[in-house]
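These notes concern the structure reproduced below.
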Amino acid sequence: MSDPNYLQQVSTQVRRDIIRMVNGAASGHPGGSLGAADYLVALFMEIMDHDPKNFDMDGKGQDIFVLSNGHLSAALYSVLSRSGYFPSEELGTFRKMGTRLQGHPCTEKGLPGIRVATGSLGQGLSVAIGVALAKKLDKDPKKVFCLMGDGELQEGQVWEAAMYAAANKVDNLIAAVDYNGKQIDGSLDDVMPLGDLKAKWDVFGWKVLEAKGNDMEDLIKTLRDAISYTDKGIPVVILLHTEMGFGVDFMMGTHKWHGVAPNDEETARALDQLEETLGDY
Amino acid sequence: MTQTATVEKKATRAGFGEALLELGHKNPMVVALCADLTGSLKMDAFAKAFPDRFFQAGIAEANMIGMAAGLSIGGKIPFTGTFANFSTGRVYDQIRQSVAYSDKNVKICASHAGLSLGEDGATHQILEDIGLMKMLPGMTVINPCDFNQTKAATHAIAEHRGPVYLRFGRPDWPNFTPADQKFEIGKAICMREGHDVSIIATGHMVWIALKAAEELAMQGVSAEIIDIHTIKPLDEDAIVSSLQKTGCAVTAEEHSIHGGLGDSIAQCLARKIPAPVEMVAVNDQFGESGKPLELMSKYGLDTPDVVAAAIRAMSRK
C-alpha cells in the first residue's frame, strides 16, 4: 500500500496541473476537478488494478473506470498522465486545436485511458453497467468504477441505470457521487434539491457508503470497504463528501468556479497554495 | 408482367428475429438487449435460447443504449431492439455520445418504422428516423425491403465493425427477394432494368416501386428499379450509372420528405449527374391511425403515386 502522504502529494500536483491546464486553455471546469482530485488519485494510484502502459479498449482482466461527469476532464487527464497512460507534457495541449485532450473526454482522438465519450450528463453509469455485464459474461473478476456528479443525478437516465443494476445484481460495480452540493447555476438545494440522497440510493437497492472526499486516508479505507461489498448481489455506491474548489482558498465555498478559468493573476495566487511535488509538466 | 401477383407475405421484423437466433448460435460475442418489446421485435427466441446473453432493460431505452455501448467495450456485439421511434428520437443523445462519437460496435435494430405501423398512430409512426441516424458521423443506416433481405442484413451487420441503424417494419409484407441473396452493406441491388426512369426505393417501398414498374410498362415506360437497402453509405456509383441510362429519378421511402433517402439521392445527383428528381415520401406531416395500406395510400406512398412521380420526372428531362 502506498503511503497516504505520498498520495496526498500526488493530489497536490494534480491540483497544480488542473489550474495550469484551465488557465492555459482559458476555459474548463476547475471547481469540480479540484474537488474530485483526491478520489481519482486514490482510485488510480492505489485501488485499481490496471495497466497504464498497455492500454486497450476491451480492458479484459483489468479494473475499468468511467468518468460520467466528463467536465472533470482536467482532473482525469492529469491523473491518467501521472499514472503513466501518457506523458505529462501532453497536459499542456488541453482543449487546444488538434489535442487528444478534448474539452470533454472522447475516444475519437485515441487518448489512452478513455473508453467512452462523456460530457452530456447522465450516460456513464449505464455504460459502466454494460462493461460490468460484459465482465460477468467473460468471468472476469475485475471491477468497474464510475464517477458521477451530484447535479448529474438530476438526469433521469441515472435512475434507469440505478434500477437496472439493483434488479439484475450488477455487483461488480462501484459507483461514486461527487457530492459537493453545487452545480453551474448555484447550490443543488436552490436549483433542484436531491432530498435524502443516501435514502434514495438505498431504496433503489444499492449498498451506500459515505466518504470524506478530500481525505486520502478515508477515501482509501472507504474504497477498500466498497470492494469488500462487491460480489454480494448488490451494486455499491459511495457518496463522496467533497468541496468544490478544494485546495485553493478563493475557489472554495462557491459554485462560481464550476466552469470558469482563472486568469494569470488568479492562477499565480492558486499555485502559491499548491506545492509542486512531482514536477510541473 | 405479373411477377408481383403471387408472393408470400412475411413481416420484416420476423426476418430480424430469425437471424438474431441464428447469430446467437453462430457467434458467441452477439448479445441482445430489449426495452420491454421482446415479442414485438421477435427477439423472444433469442432470449429463450440464450438467457445469459439477453438483457431485458425494461421501459428504459436510454439506459439500454448506454449498456449496449458498455457491453461493446468488453468486446461483445450488442443488438438493441425496440420500436423505431424509441430507438432513435427518444435516445438520440445517448446514441450520439455513447455509441456514434465513441465508435461503439452497437447495432440499433428498430421495428415498427413508418406509417405501416398502422393503428397505433402518429406517436409511434416515426418518419424522421432515417434522417436522424444518417446525420451521425460513422453511422451506417440500413432499411431492407422484405423478410429475406432483413434476415440477410441482420447477419451482415454482425460482421461489420461499427455502429449500425437497422430499420424494419411491423406488417406482413411480400417476401420477394431470394432467400440466398448476397447482401453487401452499401451495395445497391438492381431489381429490374429499364431505360426511361430510375425508381430508387428503400424498405417497404421497393415492393410498391416494382408494382409501379409493371403499371408503367403497360403504358410503354421502361422503369429501372433500384433497391437502396443501405442509405448510408450510399452506393453512388450505382445511382450514377443508372441515371446515365435513364436521365431522371424517382425516390420512394416510408419516411418524411425531409432528411431521408430523397435528400441523399438529390444531393448525390446534384454533385455528380444533375437530373430531374421526384420524391415519393410523406410531405412534412405526422401520420395517424389506420390500416397500413390505407395510410400509405392517404399519405401518397402507393403505386399510383410512384407512377405519377415517374411520369413527372420523365416530363422534366
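Values in this text are rule-based calculations from the coordinates and carry no lab data. The structure presented is a predicted model; accordingly, all values stated were derived computationally and were not measured. Virtual Cβ from ideal backbone geometry, glycine too; neighbours counted across all protein chains shown.
Assuming R0 = 30 Å, what is the FRET efficiency of residue A:228 and residue A:196, from their Cβ-Cβ distance, to the nearest 0.05? Let's see the in-between values first.
Numbers: r = 25 Å, r/R0 = 0.84.
Between residue A:228 and residue A:196 the formula returns 0.75.
Give, in nm to one decimal, the length gained when the segment between residue B:7 and residue B:161 is fully stretched (0.36 nm per residue of separation minus the Cα-Cα distance).
Length gained, residue B:7 through residue B:161: 52.0 nm.
Once the Cα atoms of helix B:12-26 and of chain B are each reduced to a long axis, what angle between those two axes, in degrees from 0 to 90 to the nearest 10, is obtained?
Tilt relative to chain B: about 40 degrees.
Greater than 21 Å separation of Cα atoms is the criterion. Which listed pairs, B:48/B:151; B:187/B:232; A:109/A:139, meet it?
From the list (B:48/B:151; B:187/B:232; A:109/A:139), the Cα-Cα distance tops 21 Å for A:109/A:139.
Please check which bits of region A:117-152 a label hung off residue A:96 would reach, taking the label as a point 7 Å along Cα-to-C-beta and the cut-off as backbone N under 14 Å.
none
Karplus couplings for region A:246-261 from phi (6.51 cos²θ - 1.76 cosθ + 1.60, θ = phi - 60°), rounded to Hz, Gly and Pro as x?
4, x, 10, 4, 7, 9, 8, x, 8, 8, 4, 9, 4, x, 10, 8
How far, in degrees from 0 to 90, does helix B:205-218 lean away from the longest principal axis of the Cα atoms of chain B, to the nearest 10?
Approximately 20 degrees, to the nearest 10.
Order of B:39-45, A:125-131, A:91-97 by packing, highest average Cβ count within 10 Å first?
Averaged packing, sorted descending, gives the order A:125-131, B:39-45, A:91-97.
Once you place label points 7 Å from the Cα toward the Cβ at residue A:51 and residue A:260, how far apart are they in nm?
It is 4.6 nm.
Mind ordering B:68-79, B:304-315 by average Cβ neighbours within 10 Å, highest first?
Details: B:68-79: 27.4, B:304-315: 19.7.
Descending packing order for the listed peptides: B:68-79, B:304-315.
Under unit Cβ charges (Lys, Arg +1; Asp, Glu -1), what dipole magnitude, rounded to 20 debye, does region B:142-228 have relative to its Cα centre?
The dipole of region B:142-228 has a size of about 380 debye.
Under 5 Å between amide H atoms, partner at least 5 residues away or on a different chain: which partners does residue B:289 have, H built in plane at 1.01 Å?
Answer set, sorted by chain and number: B:122.
Tell me, what HN-Hα J-couplings in whole Hz come from the Karplus equation 6.51 cos²θ - 1.76 cosθ + 1.60 at θ = phi - 60° for each residue of region A:78-86, using x for Gly and Pro?
Once θ is set to phi - 60°, the couplings for region A:78-86 become 4, 5, 4, 5, 5, 8, x, 6, 7 Hz.
Could you please state, rounded to a whole Å, how far the C-alpha centre of region B:192-212 is from the C-alpha centre of region B:87-105?
A separation of 32 Å, based on Cα centres.
Assuming R0 = 45 Å, what is the FRET efficiency of residue B:215 and residue B:49, from their Cβ-Cβ distance, to the nearest 0.05?
Once the sixth-power term is evaluated, E becomes 0.50.
Take each of the peptides A:35-45, A:210-220, B:282-292, average the number of other beta-carbon atoms within 10 Å over its residues, and list them starting from the highest. Let's see the in-between values first.
Values: A:35-45: 27.4, A:210-220: 20.3, B:282-292: 15.7.
The densest-packed peptide leads the list: A:35-45, A:210-220, B:282-292.
Treating the beta-carbon of each Lys and Arg as +1 and of each Asp and Glu as -1, no other charges, what is the dipole magnitude of region A:4-272 about its Cα centre, to the nearest 20 debye?
Value, rounded to 20: 640 debye.
Amide H to amide H under 5 Å from residue B:141: which residues, 5+ apart in sequence or cross-chain, H placed 1.01 Å off N in plane?
Here B:165, B:231, B:232 satisfy the definition.
Zone of residue A:210 (label point 7 Å along Cα→Cβ, backbone N under 11 Å): which residues in region A:221-248?
A:239-241
For A:117-125, what's the mean count of beta carbons from other chains sitting within 10 Å of each residue's beta carbon?
Values: counts 10, 4, 2, 6, 2, 5, 11, 4, 4.
Rounded to a whole number, the mean comes out at 5.
Which pairs break 30 Å Cα to Cα here: A:136/A:207; A:143/B:42; A:53/B:104; B:26/B:104; A:96/A:256? Could you put the intermediate results ahead of the total?
Values: A:136/A:207 19 Å; A:143/B:42 34 Å; A:53/B:104 23 Å; B:26/B:104 21 Å; A:96/A:256 23 Å.
Exceeds cut-off: A:143/B:42.
According to the Kirkwood expression over distinct Cα-Cα pairs, how big is the hydrodynamic radius of the protein assembly as shown, in Å? Let's see the in-between values first.
Numbers: mean 1/r = 0.0389 Å⁻¹.
In the protein assembly as shown this quantity evaluates to 25.7 Å.
For the Cα atoms of chain B, what angle does the longest principal axis make with the long axis of helix B:236-246, in degrees from 0 to 90, nearest 10?
Long axis of B:236-246 versus the principal axis of chain B: about 20 degrees.
Under 5 Å between amide hydrogens, which residues at least 5 positions from residue A:277 or on another chain qualify, with H placed 1.01 Å from N in the peptide plane?
A:13
List the aspartates and glutamates whose Cα sits under 13 Å from the Cα of residue B:9, skipping any in the same chain fewer than 8 residues away.
In chain and number order, the partners are B:146, B:172.
Tell me which lysines have Cα within less than 17 Å of residue B:245's Cα, excluding those fewer than 8 residues away on the same chain?
Straight-line reach from residue B:245, under 17 Å: B:272, B:317.
Check the straight Cα-Cα distances from residue A:212 and name the aspartates and glutamates below 16 Å, setting aside those fewer than 8 residues away within the same chain.
A:38, A:150, A:178, A:225, A:243
Is any residue of region B:197-231 close enough, with backbone N under 14 Å, to a label point placed 7 angstrom from the Cα of residue B:273 along the Cα-Cβ axis, and if so, which?
B:197-200, B:224-226
What number, in percent, do you get for the relative contact order of region B:58-169 if the mean sequence gap of Cα pairs under 8 Å and at least 6 apart is divided by its residue count?
Relative contact order, region B:58-169: 29 percent.
Under the Karplus relation 6.51 cos²θ - 1.76 cosθ + 1.60, θ = phi - 60°, what is the ordered set of whole-Hz ³J(HN,Hα) values for region A:114-122, x standing for Gly and Pro?
Listing the rounded values in order: 9, 10, 7, 6, 9, x, 5, 6, x Hz.
Using a Förster radius of 60 Å, what is the FRET efficiency between residue A:273 and residue B:289 based on their Cβ-Cβ separation? Nearest 0.05, please.
Rounded to the nearest 0.05, the efficiency is 0.35.
I'd like the mean, over residues of A:168-175, of how many other protein chain beta carbons sit within 10 Å of each residue's own Cβ.
Average per residue, whole number: 1.
At 7 Å along the Cα-to-beta-carbon direction for both residue A:108 and residue A:3, put a label point, then send me their distance in nm to one decimal.
My value for the distance between the label points is 4.5 nm.
Please work out, to two decimal places, the log10 of the ratio I(q)/I(0) at q = 0.31 Å⁻¹ from a Debye calculation in which every Cα of region B:270-313 carries one identical scatterer.
For region B:270-313, the Cα-only Debye profile gives -1.09.
Across peptide A:135-145, how many C-beta atoms of other chains are within 10 Å of each residue C-beta, on average?
Partner-chain Cβ atoms within 10 Å, mean over residues of A:135-145: 2.
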